[in-house]
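The block underneath contains the structure these notes are about, expressed in structure tokens.
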Amino acid sequence: FMIIREAKIPDIKQIQIVRNAVKENILSNPNLVTDQDCEVFITVRGKGWVCEIDKHIVGFAIADLKENNIWALFLDPEFEGKGIGQLLHNTMLDWYFSQTKTTVWLGTGFNTRAEKFYRKAGWTEVGTHGPKEIKFEMTYDDWVKIRNQ
């Protein structure tokens, strides 16, 4: 039984566990993303969502309205391939574009499952973000078309 709901401050510990369980787009130093950072992103800068199975967080997504960026979308590797990422992604983008029509962007590693995921979800590659990431964008108009297909 799967629940997608808004992320709350008490969820941050489990969010961090999921963030550090991933096999790709690994943080070089887990301390680079603090609990305080997470709190600011889900309460001040934007909003986050979690996927819960049996009261256990198995994935999360966070959108940042300040930088018009997808700050995070991560799944526990054991729960990949079940449509959870797509549900979190769609929930997040529906909310994002209900708040602003500004194009949203994200960066992800080259040749990763995430890169394939975003291409399949309709994101447009627009260049690179730093030396190690592809930069993708989603416009409001493209999102409306995708959701109406």
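The values are calculated or read from the model by the stated rules, or taken from the named source; none is laboratory data. This structure is a prediction, so every number in the text was calculated from the model and none was measured. Here the Cβ is made from the backbone with ideal geometry for all residues, glycine too, and neighbour counts use every protein chain on show. Accessible surface is based on the protein model in full, side chains and every heavy atom, while ligands, DNA and RNA are left aside. Shrake-Rupley method; radii C 1.70, N 1.55, O 1.52, S 1.80 Å.
Listed values, structure above:
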| item | result |
| --- | --- |
| Scan of the stretch 106-131 for residues that are more than 14 Å from His89 (Cβ to Cβ), open to solvent by 50 Å² or more (accessible area, probe 1.4 Å) and either under 18 Å from the mean Cα position of the chain (by Cα) or modelled with pLDDT of 95 or more (or both), ordered by number | Phe110, Asn111, Thr124, Glu125, Val126, Thr128, His129 |
| Hits in the stretch 40-51 (condition: open to solvent by 30 Å² or more (accessible area, probe 1.4 Å) and closer than 20 Å to Ile84 by Cβ) | Lys47 |
| Selection status of Lys82, loosely packed, with under 15 Cβ neighbours inside 10 Å, out of contact with any strand residue (DSSP E or B) (no Cβ under 7 Å at 6 or more places or on another chain) and part of a loop (DSSP other than H, G, I, E, B) | no |
| Any hit, the stretch 55-68, residues being modelled with pLDDT under 95, of a type in the set (D, E, K, R), under 27 Å from Met2 (Cβ atoms) and open to solvent by 70 Å² or more (accessible area, probe 1.4 Å) | yes |
| Odd one out for Asn90, checked against (1) within 16 Å of Ala61 (Cβ to Cβ); (2) in a loop (DSSP other than H, G, I, E, B); (3) of a type outside the set (Lys, Arg) | (2) |
| Test: residue in the stretch 41-63 that is part of a helix (DSSP H, G or I), among the basic types (Lys, Arg), under 15 Å from the mean Cα position of the chain (by Cα) and at negative phi | yes |
| The lone exception for Asp37 - which of (1) open to solvent by less than 40 Å² (accessible area, probe 1.4 Å); (2) within 29 Å of Val126 (Cα to Cα); (3) of a type outside the set (Val, Ile, Thr) it fails | (1) |
| Filter result for Phe136 (modelled with pLDDT of 95 or more, among the aromatic types (Phe, Trp, Tyr), surrounded by 20 or more Cβ atoms within 10 Å (Cβ to Cβ) and not in a helix (DSSP H, G or I)) | yes |
| Check on Trp71, surrounded by 15 or more Cβ atoms within 10 Å (Cβ to Cβ) and under 14 Å from Gly48 (Cβ atoms) | yes |
